[in-house]
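One structure, pasted below without further comment.
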Amino acid sequence: SSDLLLNIEEERERVAGFSLAPLQRSEKAMLKEILKGLDEHVCPVKELIKVLILDRGYWGADFIMGLKKRYKVNVVTRARDNKLDLVKNINGLLKVKDLKWSKTREKRSRLGEIEVKSIGLQNLEVYDKNGKEKGTLNAVVSDEYDKNGKRLLDEKGRERSRMYYITTMPTEKNPYKIMQHYLNRWVI
């Protein structure tokens, strides 16, 4: 198993930390070790990292909120899958509330010109496995459309899945910016 912490700021791309371990080693534990080492031996993590982008996986609300609390950094990640309780709660909110989605046109190397519709949701309650409230996180939800306004299709001809970005950052003013943090993780 390996963890790699990269700075993806344009013109300053570099490795900020890394960890190698046997496959059974937890990525969470490895990331904690990297951040602790940076904090102790380099500088406070908040001076080095403004937004920590975690690749899609199961990080958990406690872990994400813990990073924000301990290191004072914002976190952006994608929800691992649509079966998570938080995603179900988000979809429920989208059904019952009349919310305004924003539209952005963008050009993707593989998809060409597309339209992205996104919405930011604030203060979503998150719970532990025992149903105890642990705090709140924010989310951005997005759907992708072709230039004619039809949902993009996957390789099997089905509508591409809706994307859910979970974050500690405010999302209501510019949800697209939160998405861009995550999408730009592949810039290097």
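The values are calculated or read from the model by the stated rules, or taken from the named source; none is laboratory data. This is a predicted model, so every value here is computed, not measured. Virtual Cβ from ideal backbone geometry, glycine too; neighbours counted across all protein chains shown. Keep in mind that these areas ignore ligands, DNA and RNA; they rest on the heavy atoms of the full protein, side chains included. Shrake-Rupley method; radii C 1.70, N 1.55, O 1.52, S 1.80 Å.
Residue check: is TYR176 in contact with a Lys or Arg (Cβ under 7 Å, 6 or more places away or on another chain) and modelled with pLDDT of 90 or more? Walk me through how you get there before you give the answer.
Working: in contact with a Lys or Arg (Cβ under 7 Å, 6 or more places away or on another chain): no; modelled with pLDDT of 90 or more: yes.
Taking the combined requirement at face value, the residue does not satisfy it.
If a residue must be open to solvent by 90 Å² or more (accessible area, probe 1.4 Å) and assigned to a helix (DSSP H, G or I), how many such residues does region 28-56 contain?
Kept after step one, since they are open to solvent by 90 Å² or more (accessible area, probe 1.4 Å), are these residues of region 28-56: 32-33, 36, 40-42, 46-47, 50, 56.
Adding the requirement that they be assigned to a helix (DSSP H, G or I) leaves 32-33, 36, 40-41, 46-47.
Number satisfying all stated conditions: 7.
I would also like to ask the following. Closer than 19 Å to ILE64 by Cβ and at pLDDT below 90: which single residue out of LYS134, LYS107, LYS97 fits that description? Working first, answer last.
On the way: LYS107 fails: closer than 19 Å to ILE64 by Cβ; LYS97 fails: closer than 19 Å to ILE64 by Cβ.
Selected residue: LYS134, the only one of LYS134, LYS107, LYS97 that is closer than 19 Å to ILE64 by Cβ and at pLDDT below 90.
Any residue in region 135-157 that is open to solvent by less than 70 Å² (accessible area, probe 1.4 Å), among the hydroxyl-bearing types (Ser, Thr, Tyr) and farther than 25 Å from SER109 by Cβ? Break it down into steps so the answer makes sense when it comes.
Restricting attention to region 135-157, the residues satisfying the condition of being open to solvent by less than 70 Å² (accessible area, probe 1.4 Å) are 135-146, 149, 151-152, 154, 157.
Next, from what is left, pick out any that are among the hydroxyl-bearing types (Ser, Thr, Tyr): 136, 142, 145.
When the remaining residues are screened for being farther than 25 Å from SER109 by Cβ, the result is 136.
Yes; the residues of region 135-157 include at least one that is open to solvent by less than 70 Å² (accessible area, probe 1.4 Å), among the hydroxyl-bearing types (Ser, Thr, Tyr) and farther than 25 Å from SER109 by Cβ.
A follow-up question, please. Regarding ASN174, is this residue polar (S, T, N, Q), touching a residue at least 12 places away in the same chain (Cβ under 8 Å), over 18 Å from LEU54 (Cβ atoms) and open to solvent by 70 Å² or more (accessible area, probe 1.4 Å)?
Numbers: polar (S, T, N, Q): yes; touching a residue at least 12 places away in the same chain (Cβ under 8 Å): yes; over 18 Å from LEU54 (Cβ atoms): yes; open to solvent by 70 Å² or more (accessible area, probe 1.4 Å): yes.
Spelling it out, ASN174 is indeed polar (S, T, N, Q), touching a residue at least 12 places away in the same chain (Cβ under 8 Å), over 18 Å from LEU54 (Cβ atoms) and open to solvent by 70 Å² or more (accessible area, probe 1.4 Å).
Please go through region 62-90 and give me each residue that is touching a residue at least 12 places away in the same chain (Cβ under 8 Å), in a helix (DSSP H, G or I) and more than 24 Å from CYS43 (Cβ to Cβ), ordered by number.
ASP62, ASP85, LEU86, VAL87, ASN89, ILE90 - these are the residues of region 62-90 that are touching a residue at least 12 places away in the same chain (Cβ under 8 Å), in a helix (DSSP H, G or I) and more than 24 Å from CYS43 (Cβ to Cβ).
While we're on this one: I'm checking my understanding of the structure. Among residues of region 105-117 that are closer than 17 Å to VAL141 by Cβ and touching a Lys or Arg at 6+ places or on another chain (Cβ under 8 Å), which one is surrounded by the most Cβ atoms within 10 Å (Cβ to Cβ)?
Keep residues of region 105-117 that are closer than 17 Å to VAL141 by Cβ, which gives 106, 114-117.
When the remaining residues are screened for being touching a Lys or Arg at 6+ places or on another chain (Cβ under 8 Å), the result is 114-117.
Values: ILE114: 15, GLU115: 17, VAL116: 22, LYS117: 18.
Ranking the qualifying residues of region 105-117, first place goes to VAL116.
Another one. Would you say ARG70 is at pLDDT 90 or above and more than 17 Å from TYR182 (Cα to Cα)? Break it down into steps so the answer makes sense when it comes.
Values: at pLDDT 90 or above: yes; more than 17 Å from TYR182 (Cα to Cα): yes.
Here the answer is yes, as ARG70 does meet what is asked.
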